[in-house]
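In what follows, a structure is listed as structure tokens, so that the remarks can point back to it.
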Amino acid sequence: MKYSICFISFFFLFMMMMMNFFFMIYFIMNDMVIMMEWEIISFNSLSIVMSILLDWMSLLFMMFVFLISSVVIYYSKSYMSSELNLSRFIILVLLFVFSMMLLIISPNIISILLGWDGLGLVSYCLVIYYQNLKSYNAGMLTALSNRIGDVFILIVISWMLNYGSWNYVFYLEFMNNDLEMMMISSMIIIAAMTKSAQIPFSSWLPAAMAAPTPVSALVHSSTLVTAGVYLLIRFNMMLLDMYMLKLLLLLSGLTMFMAGISANYEFDLKKIIALSTLSQLGLMMSILSMGLPDLAFFHLLTHAMFKALLFMCAGVIIHMMNDMQDIRFMGGISLYIPLTSLCMNISNMALCGIPFLAGFYSKDLILELVSFSNLNMLVFFLYYFSTGLTMFYSFRLMMYLMVNDYNLLSIFNLYDEDYIMLKSMFVLLFMSIISGSFLSWMIFSYPYMIYLPMNLKMMVIYVSLIGMILGYFISNMSIYSINKFLMTYNLSNFLCLMWFMPNLSTYGLSYYFLNLGQSLLKNIDMGWSEIYSGFGMMQVIKKYSIFYNIYQMNNFMIYLFSFVIWMIILFMVLLFSN
């Protein structure tokens, strides 16, 4: 019996997940941390050390990454079944998982850079997996945006030469006020912002949806984009009381807001889910910059579950729709593919924070602690309005997919009997129902009581209900009435195109340099340097030679006389040289 590479990979990753799960329970119960150092080379005073940090956080995150990747590989067995080079795809996904592990367990900034770069490289390879122009552009945008973060981590490595080692764990506690550590922290924050697609660098995440759907489920929803959040969670002791962190709070709040608004204008199924990922990343980053890293980690894990499930359902639906991604062509699918619709709706509800699903435990806790904090009205507004917007676009998506009429073809074949995909989706369905309560009982091992005024306590429910009602009404409008509702076409264009960020980060960067290059070419290369070098010399010599030619042709005496003068000069030179 020949086992496929999908089955072998799935089995291996699932076993690793189980192993990490039991280790993690043991570590939490005994409050253990293991730090291993493996000295690769020791030569005179140079020592190259590979270190591994295992605590409950790294084990828990590894368990979730292993779970999602095993399920995604099992899902790809069916989703990518028509692919000729399936082994190549699976090996790329496994390479990705390996880089992620390197990033999670290393307390050493150099091995973090290895994992970080591996993530960027494999992500590039996976985004351009279907080879066409759109994928190449998206892949280049992804790779180059992530290179900014890699460069900042390289700068951090060189700045940390002044300390004794690259194990940043040793320097987190006591270096808070050091100017150099403030520089290092700022660079770490910028690196995390590129990887987690916060506002100046947001445009690569929706562009990366050119990848196959299993890749979107694993890479661009749950693991790669949360690497930046995870890095900041690890560095959080050092980052507190820093000015950059307040800037990060503002930017991530705006990211959350911008992604929520753009998702309401988008018609591409995968881009809507990508923008919702961006919104949740903004939520994690902002609660992290308020100094609550445990909550950010909790939301990271619950979000990973339901977002991977959402992408998988989207993959099944795109398959059914003859590889069509536009939601205006879909509708009424709950009649024909009930199990997929079930998974889709439950993951959507978990994303909205419907009580007692996974998202509720983390989102509700985050928003209540935001109500507790002494921050200003703007931050409060951004949090709550973005929560309302989440409900808004989720309800709009549900209306388009489940309620409207089917618009694609008059003869269609929708089937729900792809058991490989369904099994893998049901694993994540189970997790996205129970993981919230399971993690909140396990991570926060003490009971918490949040005492707020009635209206503030109910605020989450208020904004969710308002968002739901608005989502229902706007789904019943036509697109023109939304534009009339917002008064101007330009404003809705601005909101629709992610605040013009994709254009700004592509044309906005390249236009001026290309323009400068064009004017340099026109004025210098084809202008002055031509006149003063090749072409100009040729003109001068040509004119003089024509002049002398006319002179010599028309007057025989001058010709002979110049010949005599040249002979005299030659004679004098020979005479004086001796």
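How high is the relative contact order of the range 238-318, in percent, with contacts defined as C-alpha pairs under 8 Å that are six or more residues apart?
32 percent
Measuring from the lowest to the highest alpha carbon on each principal axis, how far does the range 244-386 reach, largest first, in angstroms?
If we take the Cα atoms of the range 244-386, the spans are 50, 29, 19 Å.
Of all accessible surface on the chain at a 1.4 Å probe, what whole percent is carbon and sulfur?
The value for the chain is 71 percent carbon and sulfur by accessible area.
By average Cβ neighbour count within 10 Å, what is the ranking of 294-301, 524-531, 489-496, 277-284 from highest down?
Result, highest mean first: 277-284, 294-301, 489-496, 524-531.
Ranked highest first by the average count of other Cβ atoms within 10 Å around their residues, in what order do 36-48, 321-333 fall? Could the numbers behind the result be given before it?
On the way: 36-48: 8.9, 321-333: 16.8.
The most tightly packed comes first, giving 321-333, 36-48.
Could you pull out the pairs from 246/363; 195/522; 134/246; 134/522; 271/457; 195/246 whose alpha carbons sit more than 29 Å apart here?
Numbers: 246/363 21 Å; 195/522 39 Å; 134/246 36 Å; 134/522 31 Å; 271/457 32 Å; 195/246 19 Å.
Distance filter (> 29 Å) returns 195/522; 134/246; 134/522; 271/457.
Mean separation of Cα pairs under 8 Å and 6+ residues apart, divided by the residue count of the range 13-58: what relative contact order is that in percent?
35 percent
Using the Kirkwood radius built from alpha carbon pairs, what does the Stokes-Einstein equation give as D for the chain at 4 °C and 1.567 mPa s, in µm² per second?
49 µm²/s
List the residues whose amide H sits under 5 Å from the amide H of residue 332, counting only those 5 or more places along or on another chain, with H placed 1.01 Å from N in the peptide plane.
Under 5 Å from the amide H of residue 332 lie the amide H atoms of 402, 403, 404, each far enough along the sequence or on another chain.
Taking Cα pairs under 8 Å and at least six residues apart, what relative contact order does the chain come out at, in percent? Mind showing how you got there, number by number?
On the way: 767 pairs, mean separation 69.7, N = 578.
Relative CO of the chain lands at 12 percent.
In sequence order, what are the phi-derived ³J(HN,Hα) couplings for the range 434-441 according to the Karplus relation 6.51 cos²θ - 1.76 cosθ + 1.60 with θ = phi - 60°, rounded to whole Hz, with x for glycine and proline?
9, 5, x, 5, 4, 6, 5, 6
Please work out the C-alpha center-to-center distance from the range 293-327 to the range 378-427 and express it in whole Å.
Centre-to-centre distance over Cα atoms comes out at 10 Å.
With every protein chain present, what is the per residue accessible area of the chain (1.4 Å probe, Å²)?
49 Å²
Hey, what number do you get for the chain at 222 nm if only DSSP H runs of n ≥ 4 count, each worth -39500 (n - 2.57), divided across all residues, to the nearest 500?
The per-residue figure over the chain is -23500 deg cm²/dmol.
In sequence order, what are the phi-derived ³J(HN,Hα) couplings for the range 517-529 according to the Karplus relation 6.51 cos²θ - 1.76 cosθ + 1.60 with θ = phi - 60°, rounded to whole Hz, with x for glycine and proline?
x, 5, 5, 4, 4, 5, 8, 9, 5, 9, x, 4, 5
In what sequence, highest mean first, do 390-399, 415-424 appear when ranked by Cβ atoms within 10 angstrom?
390-399, 415-424
List, in order, the whole-Hz ³J(HN,Hα) value for each residue of the range 352-365 obtained from phi through the Karplus relation with A = 6.51, B = -1.76, C = 1.60 and θ = phi - 60°; use x for Gly and Pro.
Couplings: 6, x, 5, x, 6, 9, 4, x, 4, 4, 7, 5, 5, 4 Hz.
The values are calculated or read from the model by the stated rules, or taken from the named source; none is laboratory data. What you see is a predicted model; the values in this text were computed from it and never measured. Because the Cβ atoms are built from the backbone with ideal geometry, glycine has one as well, and the counts that use them run over all protein chains shown. Only protein heavy atoms, including side chains, enter the accessible area calculation; ligands, DNA and RNA are left aside. Shrake-Rupley method; radii C 1.70, N 1.55, O 1.52, S 1.80 Å.
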